[in-house]
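One structure below.
What follows draws every value from the coordinates through simple rules; no lab data is involved. Just so we're clear, the structure is a prediction, and the values are computed from it rather than from any experiment. Using ideal geometry, Cβ is built from the backbone for each residue, glycine included, and neighbour counts are taken over all protein chains shown.
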Amino acid sequence: MAAYSPMAAKKAAQAETPLAKANGDLNVLSPKDFASDQEVRWCPGCGDYSILKQVQTVMPELGIPRENIVFVSGIGCSSRFPYYMDTFGIHSIHGRATAIASGLKMARPELSVWVVTGDGDSLSIGTNHFVQLLRRNLDVQVLLFNNEIYGLTKGQFSPTSREGIVTKSSPYGTIDHPMNPLALALGAEGAFIARTLDRDVKHLRDILKRAHQFKGTSLVEIYQNCVIFNDGAFFPFTEKETKSENDLFLEHGKPLVFANGKKGIKLYGLRPIVVDLDGQVSLDDLWIHDERDRTKASILTRFFDMPGSEHYMPRPFGVFYAEERFRYEDAMLDQLNAAKQKGAGDLDALLRGKETWTIA
Amino acid sequence: MNEVKPAPRLESRDEVTILFAGDSGDGMQLTGTQFTETTAIFGNDINTFPNYPAEIRAPAGTLAGVSGFQVHFGSKSIYTPGDQCDVLVVMNVAALKANLKNLKNGGMIIASSDGFDAKNLDLANAKTNPLDDGSLAQYQVHVVDVVRLTKLALEGSGLSSKDMERSKNMFVLGMLYWLYSRPMDATIRGLQEKFKKKPDIAEANIKVLKAGFNYCDSTEVFGTRYSVQPAKMPPGTYRHIMGNQATAYALIAASQKSGLPLFLGSYPITPASDILHELAKHKNFGVRTFQAEDEIGAICAAIGAAYGGHLAATTTSGPGMDLKAEAMGLALTLELPLVIIDVQRGGPSTGLPTKTEQSDLMLALYGRHGEAPLPVVAAYSPEDCFYATYEAARIALQFMTPVICLTDGYIANGTEPWKFPTSAELPELTVKFAAPRDKDDAKFLPYKRDDLLSRPWAIPGTKGLEHRVGGIEKQHETGNISYDAENHEFMTKLRAEKVANVAKTIPPQSMDSGREKGKLLVLGWGSTYGSIKTAVRELISEGYDISHAHLRYINPMPSNLGEIIYNFDQVVVPELNNGQLVRLIREKFLVPAIPYNKIQGMPFTVSELKNKFTEILNAKMSTKEAK
């Protein structure tokens with residue numbers, strides 16, 4: 001069989017999917033049309049409310065008929081999400097949403113498939129399916145709600161919980177070293193990797209739209225505050241007093257600047273350094289963000305230490321990495337079509353096989 | 001080519017069993033399958049049993065590395081691979097040591113002398129060479145210098161010594177073709193096809209095949225030549241088929257007949273992988289095969305495809321069934337069609353991966369948490385893998401449910417002639433997706449049921465059907481989340497009733513052999529079919545009052561099964577496990593069904609079954625006489 005051609009696939013990947021073409025009555029859809037009749041039952045103050053609202057807000061702008069959108073989730077607080085969307089939806093089992101979404105997308109590439117998952121769902125019980133989806137690069141949006149805790153089971157530490165955190169299952173403090181989700185995703189050959197926050201609604205909406213536009217698996221890690229079991233886990237990045245000092249917003253082609261323009265990041269070889277923009281250093285000397293640079297993206301995922309720690313760097317938000325390559329579903333269809341071109345299957349010929357004999 | 005020299009005597013045989021045995025690298029499986037193909041085309045009834053080690057290349061020359069292929073063919077009906085063989089072909093000492101017990105008294109041994117040198121004797125822990133220590137006196141032994149003769153035949157071919165030696169199995173095959181008066185043309189065609197891209201290798205193999213044939217013709221190594229006349233089989237056109245291949249074909253057939261694209265999510269596992277391999281070839285039928293990252297990913301992807309409106313399947317063996325259990329529960333409660341093929345093997349845990357067993361029956365029925373009933377069907381022969389799988393697909397689509405189809409390593413790898421159906425002869429599979437709705441239509445109810453309690457299949461992309469499904473208990477009809485106590489009990493019973501309703505769509509249980517009432521009913525399921533059938537037919541002809549019924553539908557069972565059971569004084573249930581169906585029969589029908597179990601990774605032999613059945617019949621007689 002001929003080897004798969006990445007060039008041809010890339011071309012196919014860039015071609016517009018038929019469903020992206022808006023039809024007439026889509027214009028009348030509003031965020032409300034995407035809200036189901038089910039009562040939303042997250043805890044008051046949960047970060048999930050904001051994410052739900054932003055997703056519902058963005059949906060009408062995408063130009064996709066509601067019936068062509070499917071939300072797939074696993075288990076956890078975030079995984080209740082599909083029930084609140086008036087689209088198609090599956091609330092599945094723990095850790096498997098990415099696998100179910102993969103099968104659905106292979107079967108029906110024309111659908112817009114969204115996975116809603118959490119740090120327990122995709123970085124613990126479902127890590128295998130999560131990384132495999134990323135490397136296969138099916139055109140699926142993965143919204144990973146990271147609250148660094150198990151909420152639905154009432155407060156055990158998760159794979160992203162910070163070292164030493166005291167929870168119900170770690171009364172002496174956790175001795176687990178936390179996982180770095182975006183470094184994992186990049187290591188798994190993820191093609192689109194981004195991070196945003198539940199409390200920065202504009203940024204969240206922008207990233208959701210970028211994720212949708214990307215032809216391939218787009219991973220969006222969303223820092224999401226659990227008010228009950230891990231309140232304030234991301235306050236250094238979300239609160240007025242600290243966020244400007246700690247947040248680094250990435251923009252393609254723009255220098256890495258934070259702290260209200262007072263600081264920037266320079267690269268010495270592969271070593272990033274924070275510099276004061278006090279006139280001595282010009283913006284041109286700074287690290288210019290390039291979404292297609294995997295090495296730089298890899299360094300950015302390593303900006304993972306908390307404020308005050310030895311190797312601290314500001315936490316990046318935005319699109320770390322985005323580079324289109326062939327999508328699994330396109331390659332699958334290409335193979336099917338190539339085989340059919342040589343002659344569609346004939347069931348009678350198949351059943352008969354090559355060698356037969358007749359008894360009179 | 002059919003000209004027979006006058007020298008050897010020609011004797012006729014009704015049936016013959018040949019066992020090809022050698023190192024797993026000796027090509028015995030290929031030799032066996034080629035002999036099978038030729039013999040099937042010749043018109044004999046045939047049944048085969050490959051028996052190979054779990055290791056791909058176990059240490060050469062050792063007992064652990066012996067690979068065997070047993071072929072049973074005849075001019076009469078053949079339902080088993082044969083208890084003991086008439087001819088044992090051995091490529092080395094280990095193959096002889098491992099299989100001598102399977103050779104009939106006075107049977108023939110064809111030994112490749114190359115495999116009986118000092119090194120091979122040592123590897124097989126043989127103190128003396130059995131070929132000349134007198135231990136084989138009761139057999140007809142033919143020692144042939146296969147390797148040397150093969151190399152002589154290929155002299156000047158330009159092949160390396162190692163490549164030449166690889167063809168030695170074809171020499172043996174040629175000898176067997178001569179011995180049993182078979183034509184070589186099918187194998188020649190097969191070799192040309194197999195080595196299409198390496199014509200020199202094809203040519204070498206064909207040359208050696210002919211050399212083996214001619215060697216017998218000219219040297220009179222065998223004094224007698226045998227003929228096995230074609231069997232009197234029902235008229236029609238036949239092919240030969242392997243169980244896993246039949247399973248794959250059934251999925252394609254169900255896809256074609258239903259008009260649904262086929263999606264297979266699978267993870268490699270012995271002895272089920274061949275279904276994945278087979279389906280991966282047939283992309284021209286639009287078959288999507290997805291080799292997943294694990295068993296769970298495989299079934300979950302299949303669930304995703306089923307949700308999207310495909311005919312979805314997942315294929316596995318016992319360990320994979322364990323892993324898929326949670327996802328099966330999800331598919332069950334989502335009420336999506338899904339065909340789950342379990343090619344059973346010896347367990348527990350890794351167990352005996354390449355050996356057969358029927359030990360997943362309880363797993364199929366009960367191996368999920370909560371009240372989670374699923375329809376279960378079982379295939380009883382290689383060709384029946386086709387019909388059982390097709391029926392599993394029919395039930396899945398009609399009832400919107402996962403269906404488990406049990407086969408096992410024995411029938412999955414076994415072959416037999418198949419009077420294959422035409423596509424027109426296959427039952428129709430009609431599928432209707434839920435229709436689109438307008439704004440003004442009543443709200444769509446995804447769990448509103450038809451009279452058999454099946455729900456609509458509402459696939460994404462259908463306007464107005466937006467709805468959510470999930471693993472949490474659902475409210476009747478709306479499918480919305482419901483924790484209501486009464487609703488849960490109602491839904492649990494509804495799901496059970498739906499599965500029970502499958503019984504309304506299946507044929508009544510019929511008798512395979514014997515009368516509908518009498519002294520002893522042998523009730524079997526799955527791959528024990530051929531051995532039981534042969535044993536029971538032989539006992540009937542010997543004058544015993546015994547009958548055989550074989551269960552295709554394990555859950556639900558045919559509604560007349562009780563009637564049949566109550567018509568017999570006794571029921572015996574032979575199984576390749578520690579007693580599973582027998583428990584169901586006892587529980588369901590309150591009869592003291594007798595278990596008869598074998599847990600050795602091997603099928604029942606006919607004689608084992610006959611002994612057991614006559615023991616039961618005679619014991620009953622003597623009790624009666626005592627009264």
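Structure notes:
- The DSSP beta bridges internal to segment B:241-425 are antiparallel in roughly 10% of cases.
- Between helix A:328-341 and chain A there is an angle of about 20 degrees, using the helix long axis and the longest principal axis of the Cα atoms.
- DSSP bridge orientation in chain B - percent antiparallel, rounded to nearest 5: 30
- Applying the criteria of a DSSP loop state and at most 11 other Cβ atoms within 10 Å to the chymotrypsin sites (Phe, Trp or Tyr not before Pro) of segment B:467-544 yields B:Tyr483.
- Cα centroid separation, segment A:28-74 to segment A:139-154 (Å): 16
- Pairs from B:Lys448/B:Lys493; B:Lys97/B:Lys119; B:Lys162/B:Lys355; A:Lys215/A:Lys240; A:Lys202/A:Lys240; B:Lys519/B:Lys610 whose Cα-Cα separation, in the structure shown, is over 23 Å: B:Lys162/B:Lys355; A:Lys215/A:Lys240
- Peptide A:196-205 - average C-beta neighbours from other chains (10 Å radius): 0
- In the elastic network of chain A, a GNM with C-alpha springs shorter than 10 Å, the most mobile of A:Gly63, A:Gly216, A:Gly253 is A:Gly253.
- Between segment B:402-420 and segment B:568-590, the alpha-carbon center distance in angstrom: 23
- For the pair segment B:424-498 / segment B:136-189, the C-alpha centres are spaced 62 Å from each other.
- Cα long-axis angle, helix B:243-258 against chain B (0 to 90 degrees, to the nearest 10): 40
- Placing unit charges on the Cβ atoms only, positive for Lys and Arg and negative for Asp and Glu, gives chain B a dipole magnitude near 540 debye about its Cα centre.
- For B:Gly479, residues with placed amide H under 5 Å, excluding near neighbours: B:Tyr447
- Entries in B:Lys232/B:Lys533; B:Lys101/B:Lys210; B:Lys257/B:Lys443 that, when Cα-Cα distance is taken, lie over 23 Å: B:Lys101/B:Lys210; B:Lys257/B:Lys443
- Across peptide B:277-289, the average count of Cβ atoms from other chains found within 10 Å of a residue's Cβ is 4.
- Pairs of Cα atoms in segment B:241-425 fall into 10 Å distance bins, from 0 up to the last occupied one, in shares of 11, 44, 38, 8, 0 percent.
- Stokes-Einstein translational diffusion, segment B:194-311 - Kirkwood Rh over all Cα pairs, 1.002 mPa s, 20 °C, in µm²/s: 117
- Calculated mean residue ellipticity, 222 nm, the protein assembly as shown: -10500 deg cm²/dmol, from DSSP H runs (n ≥ 4) at -39500 (n - 2.57) each, averaged per residue and rounded to 500.
- Other-chain or far-sequence residues with amide H under 5 Å of A:Val140's (modelled H): A:Gly216, A:Thr217, A:Ser218
- What the phi angles of segment B:571-577 give under the Karplus curve with 6.51, -1.76 and 1.60, with θ = phi - 60°, is a coupling list of 10, 10, 10, x, 8, 8, 6 Hz, glycine and proline written as x.
- Principal axis extents of the Cα atoms in the protein assembly as shown, from largest to smallest and rounded to whole angstrom, are 108, 74, 59.
- Overall form of segment B:432-505 per C-alpha gyration tensor (a/c, 1.5; a/b vs b/c): oblate
- Extension gain for B:Thr237-B:Glu193 works out to 13.6 nm (0.36 nm per residue, less the C-alpha to C-alpha distance).
- Extending 7 Å from Cα along the Cβ direction at B:Gln600 and again at A:Ile273 yields two label points whose distance is 7.9 nm.
- Taking a straight Cα-Cα cut-off under 22 Å and skipping sequence neighbours fewer than 8 places away in the same chain, the lysines within cross-link reach of A:Lys168 are A:Lys154.
- Shielding of B:188-195 by partner chains, average beta-carbon count, 10 Å: 1
- Whole-number D in µm² s⁻¹ for segment B:518-626, Kirkwood Cα-pair radius fed into Stokes-Einstein, 37 °C, 0.692 mPa s: 233
- Where GluC sites (Glu not before Pro) fall in DSSP loop in segment B:417-511, at most 13 other Cβ within 10 Å: B:Glu428
- Placing unit charges on the Cβ atoms only, positive for Lys and Arg and negative for Asp and Glu, gives the protein assembly as shown a dipole magnitude near 1000 debye about its Cα centre.
- Cβ crowding within 10 Å averaged over residues, with A:262-273, A:95-106 ranked highest first: A:95-106, A:262-273
- Relative packing of peptides A:308-315, B:390-397 - highest average C-beta neighbours within 10 Å first: B:390-397, A:308-315
- Cross-link table B:Lys76/B:Lys419; B:Lys439/B:Lys463; A:Lys209/A:Lys263, entries beyond 19 Å C-alpha to C-alpha: A:Lys209/A:Lys263
- Backbone geometry of segment B:536-549 corresponds, through the Karplus equation with coefficients 6.51, -1.76 and 1.60 at θ = phi - 60°, to 3J(HN,Hα) couplings of 5, 4, 5, 5, 4, 5, 8, x, 7, 8, 8, 9, 10, 10 Hz, x marking Gly and Pro.
- From phi via Karplus (6.51, -1.76, 1.60), per-residue ³J(HN,Hα) for segment B:273-278 in Hz, x at Gly/Pro: 4, 4, 5, 4, 4, 5
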